[in-house]
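Throughout, read-outs are computed from the coordinates displayed, never taken from laboratory work. What you are looking at is a predicted structure, and each value in this text was computed from that prediction instead of being measured. Cβ placement follows ideal geometry from the backbone for every residue including glycine, while neighbour counts extend to all protein chains displayed.
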Amino acid sequence: MFKWIKDKFSNDTKENSVEEVKEKIEESVLVEEENVSEELSQNHEAISEEPNLDKKFFENKESNEEEKIIENESLDKKAQGEDQKFEEESEEVEKELPLLERLKRGLLKTRNEMGVKINTILGSYVKIEDDLLEDLEDILISADVGMTTTMTLIDNLRDTIIKNKINDPSLVKTLLKEEVKKLMDKNINSELSNKSPLIILVIGVNGVGKTTTIGKLSARLKAEGKKVLIAAADTFRAAAIDQLKTWGDRAVVEVIAHSEGADPAAVIFDGISAAKSRNSDVLICDTAGRLHNKANLMKELEKINKVIDREYPEAARENILVLDATTGQNAISQAKTFKEVCNPTGIALTKLDGTAKGGVVIALQSELKIPIKLVGVGEKIEDLQDFNMDSFIDAIFD
């Protein structure tokens, strides 16, 4: 009996134990399922948040890029401001340069062709020989001093060397400069008339820089406090009137003009009438440059001169012939032709900064005896300078 009870109790205990184990296992499974379910739910929430994270990432990226763009734009503006400031400072420095330094800068090509080469030649000789003089002759011709003027210079230089018994090559350049000054004639008046009222008749073929010279000259005269007026009498060339008006706007100078093809003398007449009524100090008159038909050119200039003599006899006169330095000996040919047609009182030589043949200045004044009054050595208004013989010679030889 006791054994049965014991066995029964043991079996019941086992059965209960098994049931408890089963219950525990079931509870454990449920708990595990709940944990798994909760974990899956959290993962799902995390996954659903990923697009928001990407959105934030791209928003941050775009924001950074915008900041970089703004920063770059700021740097660019700063750089542009510094560049502009540098340019303005450079222009101010250029304006403060002495005229001789500006002239030297503008005549750099000619100085390299003449001055530098002459120094090299003189440095290669220990005494003055015929070969040295022949080398100098070649240099002067290559700089467009001209055959006639060059031969005269070399002959005079040789005579001076023999007369003074000079044998030191280092003294030759100083002697050459003195001979150039003698040929160009120190007594020739190279100053533009300062009288008022003044009529400046500008002549020259097309393309030499007449319009630019008139614009720069009018701006300079106005800056000096003079009342300036321009008469656009080149009615033959297309766009000549418009170009003058553009320069007139820049210089704040009034331009008297008719339509293209109008009578040039009629434009001059109206220009004189306007100059009188406005009490102008200077009237600058542009003219056509039809050099290919000398007869028509002469007839036109004669008619213009008659109008000026009749309508404004009390005005001082300047007939300025504009020549392009880059054309070299052709400029001398043009000067000879215009000297036959009219009576140039002076020459404005343009584009000297663009040529190594600035020696044509020496030939023009020495051969034709027409004073060089203005020289253009750059594009700026202040680069149209009054001609000074000593400064010019120093600029191309030193």
Cβ-derived FRET efficiency at R0 51 Å, V126 paired with N189, nearest 0.05:
0.75
Cα-centre dipole for the stretch 170-266 with unit charges at Cβ (Lys and Arg positive, Asp and Glu negative), debye to 20
480 debye
In the structure shown, do any of K294/K351; K186/K373; K181/K369; K177/K357; K227/K276 have a Cα-Cα gap over 19 Å, and if so which?
K294/K351
Using each residue's phi in the stretch 355-363, evaluate 6.51 cos²θ - 1.76 cosθ + 1.60 at θ = phi - 60° and report the 3J(HN,Hα) Karplus result to the nearest Hz, with x for Gly and Pro.
9, 9, 10, x, x, 4, 4, 5, 5
Scalar couplings 3J(HN,Hα) for the stretch 255-271 by Karplus 6.51 cos²θ - 1.76 cosθ + 1.60 (θ = phi - 60°), nearest whole Hz, x for Gly and Pro, are 10, 8, 9, 10, 7, 4, x, 6, 6, x, 5, 5, 5, 4, 4, 5, x
For q values of 0.12, 0.13, 0.16, 0.21 Å⁻¹, compute log₁₀ I(q)/I(0) with the Debye formula on a Cα-only model of the stretch 218-284, without solvent.
-0.28, -0.32, -0.49, -0.81
Inter-site label distance for K165 and E314 at 7 Å from Cα along Cβ, in nm
6.5 nm
Taking other Cβ within 10 Å of each residue's Cβ, how do K216, K165 sort, fewest first?
K165, K216
